[in-house]
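Peer 1: Encoded as structure tokens, here's the structure I'll be asking about.
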Amino acid sequence: MEPTRPEPSASPSQQPSRVVVTGASGLIGTALTRSLTADGHQVVRLVRRAPRTPDEVRWDPKGGRLDPAGLAGCTAVVNLAGAGIGDRRWSAAYKRELRDSRVLGTRTLVTAVAALDEPPRVFVNGSAIGIYGDTGEHPVDETAPPGEGFLPSLCVEWEAAALPLQEAGVRTVFARTGLVVAREGGAWGRMFPLFKAGLGGRLGNGRQYWSFVSLYDEVAALRHLLGRDDLSGPFNLTAPRPVTNREVTRAMGRALRRPTPFPAPAPVLRAVLGEMAGDVLGSQRVLPARLLDSGFTFAHPTVDDAVRAALR
């Protein structure tokens, strides 16, 4: 068995020393803060409750309240805050929550950062490959235009909320994350128990492309983007070999040594998930062109690699 990989790291000379992180309690935020802290960097976590430790700063993302003093001295900001896309059925109220938690939160953070006498060196704004919509079998990279529908429009607004910092001269990166392969959370986290119980199967016809990334590579890519002063704009954080849902199903079965006999027909998914089923059944064949061009190397380039890494 391949040994457990260490936390992603980078040269201290390339890395910021004081990093503000929103969404630090989420799947990606937890892994990123752990990685940065392990390398000796100070992480300031923005929280919506009363601070419990010296490294926490309270903010009200939707109410527009964040004292810039809490960000003083930061050299980088990573904005990962936002309600979970798949946490609930997409009612009109929850769609507002998905939008407000991202767009209003980003505006609040950007306003506070802009008020600093010494702005950070880099602002990494979370985003998602949902911006491209359904691409079918057609591969797309960062040059592709936004698609149509709720998620593309949400991502466009999310990224636009950070543009004032870019226009003010702060290096701004848009990290368009794919489906993160991890047991701890996210869409994949819900799949592992089902497949382990032998209840997994393809979704719909299984021909739709899933653009995935291992949690290790997600954190490593974020650190790569933080540390490279020559990188800005959109970057797709997805493995270089997107696969179909049918191939994902087979990879899960192989890794867990379980049969995968229970497909979920499209009509059932639409009945259970409502509007969100369109994105589950949709196809996104997204390539990390700019990340590869920048010299980034994936530790887990294939879906088998990513699933095995999540199980270690």
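Peer 1: Looking at the structure I just gave you, is R176 modelled with pLDDT of 95 or more, open to solvent by 10 Å² or more (accessible area, probe 1.4 Å) and not in a strand (DSSP E or B)? Explain how you work it out, then say what you get.
Peer 2: Details: modelled with pLDDT of 95 or more: yes; open to solvent by 10 Å² or more (accessible area, probe 1.4 Å): yes; not in a strand (DSSP E or B): no.
So R176 does not fit the description; no.
Peer 1: Quick check on this structure: which one of D87, D100 is of a type in the set (D, E), open to solvent by 10 Å² or more (accessible area, probe 1.4 Å), assigned to a helix (DSSP H, G or I) and under 26 Å from E184 (Cβ atoms)? Quick ask: steps written out before the conclusion?
Peer 2: On the way: D87 fails: assigned to a helix (DSSP H, G or I).
Within the list D87, D100, the selection yields D100.
Peer 1: Here is a further query. Grab the strands (runs of 3 or more DSSP E) fully contained in the stretch 1-61, keeping just those with 2 or more residues being at pLDDT 90 or above and under 15 Å from T75 (Cβ atoms). Spell out how you get there, then give the answer.
Peer 2: Working: elements: 18-22, 42-47, 56-58.
Where strands (runs of 3 or more DSSP E) fall fully within the stretch 1-61 and carry at least 2 residues being at pLDDT 90 or above and under 15 Å from T75 (Cβ atoms), they are 18-22, 42-47.
Peer 1: When L154 is evaluated against the numbered criteria (1) in contact (Cβ under 8 Å) with a residue 24 or more places away in the chain; (2) assigned to a helix (DSSP H, G or I); (3) open to solvent by 40 Å² or more (accessible area, probe 1.4 Å), which criterion, by number, is the only one it fails?
Peer 2: (3)
Peer 1: Does at least one position in the stretch 180-200 carry a residue that is at positive phi, in contact with a Pro (Cβ under 6 Å, 6 or more places away or on another chain) and not β-branched (V, I, T)?
Peer 2: Within the stretch 180-200, one or more residues are at positive phi, in contact with a Pro (Cβ under 6 Å, 6 or more places away or on another chain) and not β-branched (V, I, T).
Peer 1: For the subset of the stretch 259-279 comprising residues that are in contact with a helix residue (DSSP H, G or I) (Cβ under 6 Å, 6 or more places away or on another chain) and over 24 Å from A93 (Cα atoms), which member is modelled with the highest pLDDT?
Peer 2: By that ranking, first place goes to T260.
Peer 1: Something else now. Here is a list of conditions, (1) under 30 Å from P68 (Cβ atoms); (2) open to solvent by less than 60 Å² (accessible area, probe 1.4 Å); (3) not hydrophobic (A, V, I, L, M, F, W, C), and E118 meets all of them except one; can you say which number that is?
Peer 2: Of (1) under 30 Å from P68 (Cβ atoms); (2) open to solvent by less than 60 Å² (accessible area, probe 1.4 Å); (3) not hydrophobic (A, V, I, L, M, F, W, C), only one is false for E118: (2).
Peer 1: Hey, does the stretch 83-90 have a residue that's free of Cβ contacts under 8 Å to residues at least 24 places away in the same chain, farther than 28 Å from P240 by Cα and not aromatic (F, W, Y)?
Peer 2: Scanning the stretch 83-90 turns up at least one residue that is free of Cβ contacts under 8 Å to residues at least 24 places away in the same chain, farther than 28 Å from P240 by Cα and not aromatic (F, W, Y).
Peer 1: Kindly provide the set of residues from the stretch 218-250 that are within 25 Å of L203 (Cα to Cα) and not hydrophobic (A, V, I, L, M, F, W, C), ordered by number.
Peer 2: Those that are within 25 Å of L203 (Cα to Cα) and not hydrophobic (A, V, I, L, M, F, W, C): E218, N236, T238, P240, R241, P242, T244, N245, R246, E247, T249, R250.
Peer 1: Can you tell me which condition K95 does not meet? The list is (1) in a loop (DSSP other than H, G, I, E, B); (2) in contact with a helix residue (DSSP H, G or I) (Cβ under 8 Å, 6 or more places away or on another chain); (3) open to solvent by 40 Å² or more (accessible area, probe 1.4 Å), and all the others hold.
Peer 2: With respect to (1) in a loop (DSSP other than H, G, I, E, B); (2) in contact with a helix residue (DSSP H, G or I) (Cβ under 8 Å, 6 or more places away or on another chain); (3) open to solvent by 40 Å² or more (accessible area, probe 1.4 Å), K95 is out only on (1).
Peer 1: On to the next question. Condition check: within 23 Å of A309 (Cβ to Cβ) and outside any helix (DSSP H, G or I). Does R190 satisfy that? Before you say what the answer is, go through the steps one by one.
Peer 2: Values: within 23 Å of A309 (Cβ to Cβ): yes; outside any helix (DSSP H, G or I): no.
Spelling it out, it is not the case that R190 is within 23 Å of A309 (Cβ to Cβ) and outside any helix (DSSP H, G or I).
Peer 1: Could you please find all residues in the stretch 140-173 being touching a strand residue (DSSP E or B) at 6+ places or on another chain (Cβ under 9 Å), among the acidic types (D, E) and modelled with pLDDT under 95?
Peer 2: Listed by number, the list is empty, since nothing qualifies.
Peer 1: Still on this structure, please answer the following. Among what's in the stretch 121-138 and is charged (D, E, K, R) and more than 30 Å from G73 (Cα to Cα), pick the residue that is surrounded by the most Cβ atoms within 10 Å (Cβ to Cβ). Let's see the steps before the verdict.
Peer 2: Taking the stretch 121-138 first, the residues charged (D, E, K, R) are 121, 134, 137.
Adding the requirement that they be more than 30 Å from G73 (Cα to Cα) leaves 134, 137.
Numbers: D134: 20, E137: 10.
Per the stated criteria, the residue is D134.
Peer 1: Please count how many residues of the stretch 48-65 are open to solvent by 20 Å² or more (accessible area, probe 1.4 Å) and within 23 Å of A162 (Cβ to Cβ).
Peer 2: As a first pass, look at the stretch 48-65 and keep what is open to solvent by 20 Å² or more (accessible area, probe 1.4 Å): 48-58, 60, 62-65.
Filter once more, keeping what is within 23 Å of A162 (Cβ to Cβ): 48, 56-58, 60, 62-65.
Within the stretch 48-65, residues that are open to solvent by 20 Å² or more (accessible area, probe 1.4 Å) and within 23 Å of A162 (Cβ to Cβ) number 9.
Peer 1: Could you look through the stretch 179-196, keep only residues that are touching a residue at least 24 places away in the same chain (Cβ under 8 Å) and over 17 Å from the mean Cα position of the chain (by Cα), and pick out the one that is surrounded by the fewest Cβ atoms within 10 Å (Cβ to Cβ)? It would help to see each step written out before you state the result.
Peer 2: Residues of the stretch 179-196 touching a residue at least 24 places away in the same chain (Cβ under 8 Å): 179-192, 195-196.
Pick out the ones that are also over 17 Å from the mean Cα position of the chain (by Cα) and you get 191-192, 195-196.
Values: M191: 19, F192: 20, F195: 23, K196: 16.
Only one residue tops the list, namely K196.
The values are calculated or read from the model by the stated rules, or taken from the named source; none is laboratory data. All values derive from a computational prediction rather than experimental measurement. Neighbour counts are summed over all protein chains in view; Cβ atoms, including those assigned to glycine, are modelled from backbone coordinates with ideal geometry. Accessible surface is based on the protein model in full, side chains and every heavy atom, while ligands, DNA and RNA are left aside. Shrake-Rupley method; radii C 1.70, N 1.55, O 1.52, S 1.80 Å.
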